[in-house]
Amino acid sequence: KKLERMAAIRRFTPIVNRVLTQQPAIVSVQKRHLNIHEYQSAALMAEMGVNVPEGYPAKTVAEAVAATNKIGDDEVVIKSQILAGGRGLGKFTNGLQGGVHVIHSSKVAEYGQQMLGGTLVTKQSGAAGKPVNEVLIAKKMDLVNEMYFAILLDRASGGPVIIACSEGGTSIEDLAHDSPEKIVKVPIDPIEGITDAQAEQVVKGLEVTTDKTLAKDQIKALYRLFVEKDCTMVEVNPLAEDSNGVLMAADAKIGFDDNAEFRQKAIFEQRDESQEDPREVAAGKWDLNYIGLDGSIGCMVNGAGLAMATMDIIQLNGGSPANFLDVGGSATEKQVMEAFKVITSDASVKALLVNIFGGIMKCDVIAAGIVSACKELTLEIPLIVRLAGTNVEAGKKILAESGLNIITADDLDDAAAKAVKAIA
């Protein structure tokens, strides 16, 4: 046993030394929380008593014209509905500049024709842009004072924090850089909730000029929305005063905790999958945790920690991971097959590394799933497999007898090195 431990230490030492002496590239992993469109967010705010402008969503030009007629004004605002910020300064791939326009009611059909079905590219959408399947026809408001308001979760204070600024309608990042003294942060005790004093502090930071009591009621209503709907973010930019002295949410952006889906079913039914990465959507349907990255080596691993370690070791060997995919601890053969489909649907994947440490997850189940997937998908890229743990010998036997060209590895470092070498 002593010799076995020494041998294990010798195998592991080179990896430890490289981890200590090399700085792996930082992988940006997107956290997945449900986001909904502006018109949906505005509807939720209205339910909570927050003042919002009159507006109606439209999926067709005819619906946009009907919404315009319902509002009945000479001018309206037409807003692209995508799940990305920076719409006003964005550009459609068909050449139309801007995803938000104040236009004469007679031009709604013209603009609707150009915007609906188009692709809008913004600073936050990525180079590919987002499809515009809906527009919001909103009443044009006479706004005289624009502010910024948001509620986020704050690690430092261990609860929600309200961020307020007396200037809004523009990038909060730019404001934070240019005028940090104008930004007010008010941490809220999640047990006690927002107090009158805290609401007053926010109103003061916003420099509200209208009725302060009514303004505090609006702040409390927004906080109640954050708590009761299990939000991760409530952002209003701008929160504005109109010429009649009414404080209202002139824009709305809300994110929700995915773990709350079981008790926020009506909200989660509004998920717009056309705005999401289709690979993540497909993985979610099979209870697979998938996040696409920009590398060339696809990864299928069980356990988030092992998945992160696998990505690090790939990078230490000179490669780059194409994804984070955790099949969990109780995946079936069918889930393994679907995981292969999701990973290989990415054209940038040039090799596939499977790294399984069997505990609850059995290596023979994974192996059977791998064989089935390879036969069904006619895999044409190198496949590297490292198995360890429960039923590992049975798993290796299934792979060996499959007749498939599978590159096996003894440990994680060996697997990563072989994956990088396979596409060199």
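For the chain, the alpha carbon positions stretch 81, 48, 38 Å along the principal axes, listed from largest to smallest. DSSP bridge analysis restricted to the chain gives an antiparallel fraction near 75%, rounded to the nearest 5. Taking all Cα pairs closer than 8 Å and separated by 6 or more residues, the relative contact order of region 244-360 comes to 28 percent. Which shape class, rounded, prolate or oblate, goes with region 76-125 when its Cα gyration tensor gives a ≥ b ≥ c as root eigenvalues, a/c under 1.5 marks rounded, and past that a/b bigger than b/c marks prolate? Judged from the Cα gyration tensor, region 76-125 comes out prolate (a/c at least 1.5, a/b above b/c). How fast does region 65-177 diffuse by Stokes-Einstein, in µm²/s, taking the Kirkwood radius from C-alpha pairs at 20 °C and 1.002 mPa s? This corresponds to a translational diffusion coefficient of 135 µm²/s. Kirkwood radius, region 217-274, all distinct C-alpha pairs, inverse of mean reciprocal distance: 12.8 Å.
Relative to the Cα centre, what is the charge dipole magnitude of the chain, using +1 at the beta carbon of each Lys and Arg, -1 at the beta carbon of each Asp and Glu, and rounding to the nearest 20 debye?
Details: 43 positive and 56 negative charges, 361 e Å.
In total the dipole reaches around 1740 debye.
Anyone know which of 299, 374, 231 comes out most mobile in the 10 Å Cα GNM of the chain? Taking springs between Cα atoms under 10 Å, the residue moving most is 374. About its Cα centre, the dipole of region 199-320 is roughly 300 debye, where the only charges are +1 on Lys and Arg Cβ and -1 on Asp and Glu Cβ.
What residue among 240, 176, 250 has the largest mean-square fluctuation in a Gaussian network model of the chain, using Cα springs under 10 Å? Between 240, 176, 250, it is 176 that shows the largest mean-square fluctuation. Computed on region 33-121, the Cα convex hull volume stands at 107 Å³ per residue. Put simply, the amide H of residue 390, placed in the peptide plane, has neighbours under 5 Å in 358, 359, 363, leaving out anything fewer than 5 places away on its chain. For region 238-360, the percent of C-alpha pairs falling in each 5 Å distance bin, counted from 0 to the bin holding the largest distance, reads 2, 9, 17, 17, 14, 12, 8, 6, 4, 4, 3, 2, 1, 0. Here the Kirkwood formula puts the hydrodynamic radius of region 295-349 at 11.4 Å, using every distinct Cα pair. A simple rule links phi to the HN-Hα coupling: the Karplus curve 6.51 cos²θ - 1.76 cosθ + 1.60 with θ = phi - 60°, which for region 306-311 gives 5, 5, 5, 5, 4, 5 Hz, with x for Gly and Pro. Counting only Cα atoms, region 118-167 measures 42, 32, 17 Å along its principal axes, largest extent leading.
Here's the list of lysines a cross-link from residue 341 could span, going by alpha-carbon distance under 28 Å and ignoring same-chain residues fewer than 8 apart: 31, 130, 285, 350, 362, 375, 396, 397, 418, 421.
Cα convex hull, region 171-310: 197 Å³ per residue, rounded to a whole number. Between the helical axis of 196-206 and the longest alpha-carbon principal axis of the chain there is an angle of about 80 degrees.
Overall shape of region 303-424 was characterised from the C-alpha gyration tensor. The equivalent ellipsoid obtained from it has semi-axes of 19, 16, 14 Å, in decreasing order. Placing unit charges on the Cβ atoms of the charged side chains and taking the dipole of the chain about its Cα centre, the candidate lying farthest along the positive direction among 42, 400, 144 is 400.
Where a number appears in this text, it was derived from the coordinates with a stated rule and is not lab data. Not measured: the values here are computed from a predicted model. As a convention, Cβ positions derive from the backbone with ideal geometry for all residues, glycine included, and neighbour counts pool all protein chains shown.
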